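*Asks:* After the structure tokens below, expect a handful of questions from me.
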Amino acid sequence: MREPFVGREAIRDGILTRGKLRWNFTAAHPGVYLPKGAHRTVFINAVAAWMWTGRKGIVAGRAAAAMHGAKWVDPSTPVEMITEHTRPRPGVIVREERISPDEIVYLGEIPVTTPARTALDLGRHLPRDSAVAHLDALAAVTGVTAEDALLLAARYPGARGNRRARVALNLMDAGAQSPRETWLRLLLIDDGLPTPRTQIEVRDGQRRAFIDMGYDEPKVGLDYEGSHHSTQRTQYVHDIGRAELVERSGWHDIRVVSEHSRRFILHRLRRAFERRGWTPPSPRSARRS
């Protein structure tokens with residue numbers, strides 16, 4: 001009884017008594033129970049929400065992305081379910097939407113939107129930056145493309161959020177390895193710069209390294225460095241050798257950390273372009289708010 005279950009079914013089948021159910025388990029949703037103190041993962045929350053719909057709902061959105069293997073979905077994220085209208089529940093977002101049978105896959109017995117439908121829904125329902133971060137993570141593990149999702153959008157021409165989805169899907173890049181890398185890439189694009197290439201491989205004999213993103217013509221790259229780059233000794237030592245390899249390969253690598261402001265990042269990048277004699281497109285006069 002480690003996963004969600006329907007209480008009345010457990011009592012009916014003689015697995016539990018009403019007393020044991022009341023004392024040892026807690027209701028995740030009306031009629032759906034978990035052991036008291038159970039660790040709540042995205043998968044556990046999705047299964048509980050599915051059972052709450054009478055096993056009729058389809059897991060969608062961020063929970064679906066996580067069930068396909070995408071990273072960076074917080075366990076507290078509400079579970080989106082495509083199902084008939086029902087009373088609102090904390091932790092569940094019910095979407096009454098059309099969906100075709102070929103847009104559903106089964107993970108075990110749980111119906112989940114396909115990667116393509118999941119990508120479309122992420123683009124339709126989330127703000128752009130959040131959508132792109134989740135799309136990047138989904139593409140990295142499933143190989144789904146913008147074209148895959150946009151083909152589905154054509155089935156539902158009047159669906160709310162299709163225009164928003166097209167914007168996010170066209171920014172999707174499976175090369176991003178964290179939400180902050182996505183943030184950095186969007187920062188460059190929003191400033192009017194060309195879309196950078198991601199996961200740039202550099203080699204030196206038998207050794208190789210990858211730059212998070214960059215521009216091939218001037219050989220200017222950017223790496224977003226999380227806190228582990230400075231707090232973990234083995235990572236710190238590795239980074240010294242990596243930096244030498246990147247430099248010998250002719251790349252100017254700009255390291256970005258969370259304390260760096262947008263203005264500071266762009267200033268360093270444009271100075272690097274100038275030193276390389278490369279003139280990028282001019283910044284947009286009006287930036288996205």
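*Asks:* I'd like to know if region 127-138 contains one or more residues that are within 21 Å of residue 100 (Cβ to Cβ), open to solvent by 60 Å² or more (accessible area, probe 1.4 Å) and without any contact (Cβ under 8 Å) to a residue 40 or more places away in the chain.
*Replies:* no
*Asks:* Let me ask something additional. Name the single residue that is farthest from residue 84 (Cα to Cα) among those in region 53-73 being part of a loop (DSSP other than H, G, I, E, B), open to solvent by less than 30 Å² (accessible area, probe 1.4 Å) and out of contact with any Lys or Arg (no Cβ under 6 Å at 6 or more places or on another chain). Working first, answer last.
*Replies:* We begin by selecting, within region 53-73, every residue part of a loop (DSSP other than H, G, I, E, B); these are 53-57, 68-73.
Next cut, open to solvent by less than 30 Å² (accessible area, probe 1.4 Å) only: 53, 57, 70, 73.
Imposing the further condition that a residue be out of contact with any Lys or Arg (no Cβ under 6 Å at 6 or more places or on another chain) reduces the set to 53, 57, 70.
Working: 53: 9, 57: 8, 70: 27 Å.
By that ranking, first place goes to 70.
*Asks:* What's the number of the only condition in (1) of a type outside the set (D, E, K, R); (2) within 20 Å of the chain's Cα centre (by Cα); (3) open to solvent by 40 Å² or more (accessible area, probe 1.4 Å) that residue 37 fails to meet?
*Replies:* With respect to (1) of a type outside the set (D, E, K, R); (2) within 20 Å of the chain's Cα centre (by Cα); (3) open to solvent by 40 Å² or more (accessible area, probe 1.4 Å), residue 37 is out only on (2).
*Asks:* OK, next. If I ask for residues that are of a type in the set (Ser, Thr, Tyr), surrounded by fewer than 23 Cβ atoms within 10 Å (Cβ to Cβ) and assigned to a strand (DSSP E or B), which ones from region 77-125 would you list?
*Replies:* 106
*Asks:* Note down all Cβ pairs under 9 Å where the first residue falls in region 249-273 and is more than 19 Å from residue 194 (Cα to Cα) and open to solvent by less than 60 Å² (accessible area, probe 1.4 Å), the second is assigned to a loop (DSSP other than H, G, I, E, B) and of a type in the set (Gly, Ala, Ser), and they're at least six residues apart or on different chains.
*Replies:* Filtered contacts from region 249-273: 257/226; 257/227.
*Asks:* Continuing with the same structure: Search region 141-163 for residues that are closer than 17 Å to residue 125 by Cα and pair each with any residue that is of a type in the set (S, T, N, Q) and open to solvent by 50 Å² or more (accessible area, probe 1.4 Å) when their beta-carbon atoms are under 7 Å apart and the residues are at least 6 apart or on different chains.
*Replies:* Listed by first residue and then by second, the contacts come to 146/170.
*Asks:* Scan region 20-59 for residues that are in contact (Cβ under 8 Å) with a residue 60 or more places away in the chain and either aromatic (Phe, Trp, Tyr) or over 14 Å from residue 79 (Cβ atoms) (or both) and report the count. Can you show your working first?
*Replies:* Step one: list which residues in region 20-59 are in contact (Cβ under 8 Å) with a residue 60 or more places away in the chain, which gives 29, 46-47, 50.
Now restrict to residues that are either aromatic (Phe, Trp, Tyr) or over 14 Å from residue 79 (Cβ atoms) (or both): 50.
The qualifying residues number 1.
*Asks:* Identify the residue in region 196-226 that is without any contact (Cβ under 8 Å) to a residue 12 or more places away in the chain and under 30 Å from residue 118 (Cβ atoms) and, among all such residues, is surrounded by the fewest Cβ atoms within 10 Å (Cβ to Cβ).
*Replies:* 201
*Asks:* Failed condition for residue 172, given (1) of a type in the set (A, V, I, L, M); (2) within 15 Å of residue 256 (Cβ to Cβ); (3) assigned to a loop (DSSP other than H, G, I, E, B); (4) within 20 Å of the chain's Cα centre (by Cα), with all others met?
*Replies:* Here residue 172 meets the rest and fails (2).
The values are calculated or read from the model by the stated rules, or taken from the named source; none is laboratory data. Predicted, not measured: the structure shown is a model, and the values here were computed from it. Because the Cβ atoms are built from the backbone with ideal geometry, glycine has one as well, and the counts that use them run over all protein chains shown. To get the accessible areas, we keep the full protein, side chains included, count just its heavy atoms, and leave off ligands, DNA and RNA. Shrake-Rupley method; radii C 1.70, N 1.55, O 1.52, S 1.80 Å.
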